[in-house]
Amino acid sequence: MASQKAIGVFDSGVGGLTVLNAIRKQLPCENLVYLGDTARVPYGTKSAVSVQRYAAQATKALLKHDVKMIVIACNTASAYAIEHLQAQFPDIPIVGVIEPGAIASCKASQTGRIGVIATEGTVNNQAYHRAILELNPEAMVSALPCSLFVALAEEGWHEGSLVESIVAECLKPITATLENPLYESLDTLVLGCTHFPVLKGAIKNVLGQSVTLVDSALTTAQWVERLLNERALSRGHEEAGSLRFFVTDGPDRFRRVAGSFFSESIDGCSVELIDIQHID
Ligand code: DGL
């Protein structure tokens, strides 16, 4: 039965575990298969054509495991590739993180002044701009690339004065407007990258209470649940679902870094190395 199949989740690497974490909490009985394309991370600095190719290969690899739905946990891949994937694989529901993040930000914002921090690729693609303006044509959207946060998060540098200094330096274009009474500054900031939720505390300390931080992982998990129910694809079991991990490079590093992004221990789970670059 289709409902008994797993949900396939992919990302450029380990960061998408923040999205997997939210899905696991929202839908603990679903079987989940996660693919991290660790051989080709980061996607955030790659061209649209490359990211679209990588995303198609990741989707094909997950389909080989007979999944019932694909979740693109990576913001950059969602920005560049969701429409391509939906056209190329019309028989399977494909969910990205941009639309759920845009909905959450419009709900959170009182003033319609919404900021987005993300990778260079997501910022250049303007996917969040389009999604937010579709929901609220009056919104004022600004975006700032913060690719350095990806390295901080992966190195386990999540809090402390040094992290806050780096975050403050990178977020200067935003804090400058917050401190300037001539500007109507943003009241909501979308964490538009898989890695940024782990830096939430540091970002909050730098920006203060006037800015609401939106993490699209939770909204994406709720979106996945709604879609499963609409399509009668919920597993409907009482016992916990299984977890299975695939990576395209460095399973040991993946295991080591996973703890920063996923709240459950993955010690008892398999992390298999696969090649997706030559997948047909
Ligand atoms: N997963 C990417 C994203 O959410 C961040 C890491 C990368 O650049 O691949 O955009």
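Only the coordinates and a few stated rules stand behind these numbers; no lab work does. The shown structure was predicted, so the numbers you read here are calculated from the model rather than taken from an experiment. Using ideal geometry, Cβ is built from the backbone for each residue, glycine included, and neighbour counts are taken over all protein chains shown.
Structure notes:
- Reference-scaled alpha-carbon Rg (2.2 N^0.38 Å with N residues) for the chain: 0.97
- The calculated FRET efficiency for ALA108 paired with SER161, based on their beta-carbon distance and R0 = 22 Å, is about 0.20.
- Dividing the summed -39500 (n - 2.57) terms of all DSSP H runs of n ≥ 4 by the residue count of the chain sets its mean residue ellipticity at 222 nm at -13000 deg cm²/dmol.
- Rounded to the nearest 10 degrees, the angle from helix 216-230 to the longest Cα principal axis of the chain is 40 degrees.
- Separation of segment 101-130 from segment 142-156 is 16 Å, based on Cα centroids.
- Peptides ranked, highest mean first, by Cβ atoms within 10 Å: ranges 230-242, 256-268: 256-268, 230-242
- Residues of segment 58-85 with amide N under 11 Å of a point placed 7 Å along Cα→Cβ from ARG231: 67-71
- The translational diffusion coefficient of segment 186-226, from Stokes-Einstein at 25 °C and 0.890 mPa s with a Kirkwood hydrodynamic radius over alpha carbon pairs, comes to 224 µm²/s.
- Separation of segment 222-280 and segment 24-48, taken as the distance between their Cα centroids, equals 8 angstrom.
- Length added when fully stretched, LYS172-ALA151, from 0.36 nm per residue minus Cα-Cα: 5.7 nm
- For LEU273, the amide hydrogen comes within under 5 Å of the amide hydrogens of VAL247, counting only partners 5 or more places away or on other chains and with H modelled in the peptide plane.
- The chain - charge dipole about Cα centre, Lys and Arg +1 at Cβ, Asp and Glu -1, debye rounded to 20: 260 debye
- Taking packing as the residue-averaged number of other Cβ atoms within 10 angstrom, the listed peptides 149-160, 16-27, 73-84 run from highest to lowest as 73-84, 16-27, 149-160.
- Two-site label geometry, TYR183 and CYS29: point separation in nm, points 7 Å out along Cα→Cβ: 4.9 nm
- Shape of segment 1-120, Cα gyration tensor, a/c cut at 1.5: oblate
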